[in-house]
Amino acid sequence: MLIGSRFGKKGHKKIHLGISLFIDDTGGMTSLAIASSLLVCLSLAFALVSAGWISLRAYKTQSIADAAALAGQNVVAKYTTIAQVVDASILSMGLSGLICVGAGLVASCIPGVTTIGSELCDAGFKTLEARKKFADSAVKGLEQTEKVLPVFAAYTASTSIAKNSNNNGDFIGSALLFPQNSLSNFGHLDDEISSDDLKKNGEELQKISKTIDEIHQKMKESKQRAWEADCGGSPYSMKERADHLAHLSPNLNKYISSPSSWTFEMALNRARAYYRARYSQETISTVSPDEFCNSAIRKMFYNFASQTLSKGFSKENIDGEAQIYLPRLPHNLEETKETSLYLDAIWPCTHEDGKRVIHAHTPCPGANGAAAGFASLQDLDSGGVSECSYCHLNSVAVGSVASASTNTTNGFEHYWRIVVEESEKYSELVRQLKDQQEQLRNVADTSSSLFSKAINQLKVTRPRLCPPGAWGCISVVKRNESSPQISGMLGYFEQKVSLPAGYAISGSVLAPDESLSSNVLSGFFSQIEKKGGLIGQSLNKIMGLWGHLLTSYGQAGQKWNTISTRFFDEIDGVFGGTVGHTLKHALQQIIKDAGLEPTDLRQVKPVLVNTENILKQSGFEKESIIRDLVQKIPNSTDPLALAKSLGIWGSQFLPEKIVVATLVVPVLEIEIPLEIEVRKVFGGV
């Protein structure tokens with residue numbers, strides 16, 4: 001029995017060999033056709049799987065290279081942040097030291113607060129010394145850190161490659177930084193700020209201010225004594241004597257409650273009123289010859305004193321300047337002989353028995369002859385005139401009247417003499433004060449120039465960072481030969497394909513990361529405070545100033561002037577018109593005009609770029625450098641071995657920590673090492 005037609009539907013035709021194997025007599029698909037179709041589909045499917053696997057494998061190689069380049073460049077990014085923080089710390093510490101010195105110079109110009117000025121200057125100079133030590137250690141530390149950046153980057157990149165290849169060793173590689181060696185220039189970072197001349201000027205200002213302070217104290221004491229003699233003393237004073245002897249009215253005989261509101265002019269006015277009153281009140285007595293003579297001499301003395309005091313003057317300004325002249329009155333015979341009481345012809349004369357006789361007053365009971373004009377006591381002593389037989393006027397009698405009231409504690413002239421002596425001392429002290437203030441002004445001007453010079457030393461070019469990796473990082477990933485592995489019965493259908501060994505390269509550079517807004521400087525200063533213990537309490541002013549300057553580093557132009565002004569304004573006793581006030585504004589203007597500008601403190605992040613850009617900047621041809629790198633990669637997953645294969649320095653063991661710099665806390669001399677915890681900071685290391 002036959003199944004189907006031997007020759008197909010059209011039996012009269014011959015069979016077509018091949019086609020009939022797949023199409024039956026009815027035109028349908030044969031079993032062989034269906035089986036063949038299935039085999040073709042499976043073959044195509046597995047071919048596509050193999051192609052997909054190859055594509056994915058190749059893509060993964062590039063992705064791993066990209067990740068390695070970013071990981072290596074991230075090491076440079078973190079180092080850049082560290083270097084910027086150190087630079088900012090050094091600059092702000094130098095500025096805080098100078099501001100503190102400047103404030104100390106201003107305080108040194110203010111009598112009474114020179115001790116504070118000395119302390120501020122000392123703290124400022126020690127801050128500058130600490131800044132120098134910090135800068136020296138930082139330059140060495142940063143240079144050493146830059147030397148090991150290539151091995152850190154290579155190590156981090158190799159670790160990244162190993163992790164991304166699932167640790168099966170199919171992918172190996174490392175990364176190389178460009179430039180390969182440091183080209184950074186720290187030339188001016190550790191320059192010393194010359195402060196010796198400023199220190200000498202500060203000491204000179206303090207010395208002069210102390211002298212001024214001593215002069216002020218002497219002036220105060222002198223005025224105190226004069227005030228007590230005029231109206232503040234008890235039981236006697238010029239005021240008390242004027243009230244008791246001349247019965248001056250209160251408006252002419254005022255009481256001043258304190259020396260601070262009292263002036264020498266008040267004593268002069270009181271004395272003038274007193275002698276005018278005594279002159280008008282004195283009546284010539286005729287009780288006895290002695291009383292007649294003394295009364296006449298007193299009246300003449302009061303007139304002399306009134307005329308003499310009219311020549312006096314006293315002008316005292318708020319700023320301390322004074323022009324004072326209080327005339328002295330004679331208190332003994334020797335001094336009397338130097339006055340008009342002795343030298344001038346003010347005593348009346350008459351002709352008596354052929355002689356010219358001098359009298360204390362006219363009419364005198366002894367004056368019986370004709371008037372003979374006036375004569376002086378000097379004429380009497382020289383024999384030019386004769387002594388009156390009744391009043392016995394002579395130089396001794398005149399000298400005794402002045403001496404009696406001056407050399408006794410209940411005499412008005414006794415206290416006037418004290419006031420006059422103190423006015424002379426006070427005037428001399430005012431002159432000395434003026435000289436010292438002129439010296440202070442000259443030294444302050446010099447200090448201002450030296451301060452400007454020191455500030456200019458901070459304006460030097462900031463360090464030019466060009467560490468390994470500044471131009472970029474290139475990673476090279478080598479892929480070993482591999483084939484897709486399909487287990488089970490399906491493996492029978494797998495096409496024998498394999499992905500040959502190959503490599504991928506990738507490059508990355510640093511770019512500003514605008515998304516990061518954290519204040520790394522603020523965090524750094526907080527760590528310094530913690531490590532320094534109680535620095536904030538011990539050095540509140542200087543550490544507080546440094547902290548404000550450091551944390552506002554990114555806005556230096558706007559903030560630093562405000563911070564320095566606020567610091568200067570905290571100094572007490574700086575009044576307008578004084579040397580301290582002038583110096584304060586001069587130093588503030590110097591800081592403002594200095595134009596200190598910080599470096600760019602924006603944090604950076606690695607971004608992928610074309611490796612050709614990195615190689616061109618480094619002066620390499622793309623083909624040659626890549627070929628050399630690939631040939632050097634060993635079949636090893638050891639990061640250090642891979643780093644060494646690329647010519648990168650490395651040691652058997654990487655350090656756990658690196659000391660970038662040593663910060664010496666001003667005044668306290670506490671050393672704080674600024675360390676990098678290698679594994680924590682550089683991630684994959």
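Residues in segment 224-261 that are part of a loop (DSSP other than H, G, I, E, B), buried (at least 20 other Cβ atoms within 10 Å of the Cβ) and free of Cβ contacts under 8 Å to residues at least 40 places away in the same chain: Leu248, Asn253. For segment 273-298, residues that are assigned to a helix (DSSP H, G or I), surrounded by fewer than 17 Cβ atoms within 10 Å (Cβ to Cβ) and not acidic (Asp, Glu) total 2.
Under the condition of being closer than 20 Å to Val443 by Cα and among the polar types (S, T, N, Q), the residues counted in segment 96-133 number 4. Taking segment 421-458 as the range and being charged (D, E, K, R), in contact with a helix residue (DSSP H, G or I) (Cβ under 6 Å, 6 or more places away or on another chain) and surrounded by fewer than 20 Cβ atoms within 10 Å (Cβ to Cβ) as the test, the residues that pass are Lys425, Arg441. Reported count of residues in segment 154-174, each being modelled with pLDDT of 85 or more and of a type in the set (Gly, Ala, Ser), is 2. Residues in segment 371-400 that are among the small types (Gly, Ala, Ser), out of contact with any Phe, Trp or Tyr (no Cβ under 7 Å at 6 or more places or on another chain) and not in a strand (DSSP E or B): how many? Qualifying residue count for the region: 7. If you check Glu240, Glu265 for being touching a helix residue (DSSP H, G or I) at 6+ places or on another chain (Cβ under 9 Å), within 17 Å of Tyr415 (Cα to Cα) and acidic (Asp, Glu), only one passes: Glu240. Note on segment 299-329: residues that are part of a helix (DSSP H, G or I), within 18 Å of Gly399 (Cα to Cα), of a type outside the set (S, T, N, Q) and in contact with a helix residue (DSSP H, G or I) (Cβ under 6 Å, 6 or more places away or on another chain) total 4. Taken together, the residues in segment 385-440 that are in contact with a Lys or Arg (Cβ under 8 Å, 6 or more places away or on another chain) and more than 16 Å from Pro330 (Cβ to Cβ) amount to 7.
The single residue among Asn303, Asn269, Asn317 that is surrounded by 17 or more Cβ atoms within 10 Å (Cβ to Cβ), under 22 Å from Gln224 (Cβ atoms) and among the polar types (S, T, N, Q) turns out to be Asn269. Filtered by the rule that a residue be at pLDDT 90 or above and touching a Pro at 6+ places or on another chain (Cβ under 9 Å), segment 414-462 gives a lone residue, Val420. The requirement of being over 27 Å from Asp344 (Cβ atoms), not acidic (Asp, Glu) and not assigned by TED's automatic domain parsing to the domain that holds Val579 is not satisfied by Leu245.
Condition check for Leu341 on (1) among the aliphatic types (A, V, I, L, M); (2) within 30 Å of His216 (Cβ to Cβ); (3) part of a helix (DSSP H, G or I): one failure, at (2). List pairs: first in segment 90-115 and in contact (Cβ under 8 Å) with a residue 12 or more places away in the chain and farther than 19 Å from Thr582 by Cβ, second part of a loop (DSSP other than H, G, I, E, B) and among the hydroxyl-bearing types (Ser, Thr, Tyr), Cβ under 9 Å, 6+ apart or cross-chain? Short answer, once both residue conditions are applied: Leu91/Thr599; Ser92/Ser552; Gly97/Ser195.
Here Ala367 qualifies as surrounded by 19 or more Cβ atoms within 10 Å (Cβ to Cβ) and either among the small types (Gly, Ala, Ser) or out of contact with any helix residue (DSSP H, G or I) (no Cβ under 8 Å at 6 or more places or on another chain) (or both).
The values are calculated or read from the model by the stated rules, or taken from the named source; none is laboratory data. Please read these numbers as outputs of a predicted model, since none were measured by experiment. Cβ sites come from the backbone with ideal geometry, for glycine too, and all protein chains shown count toward neighbours.
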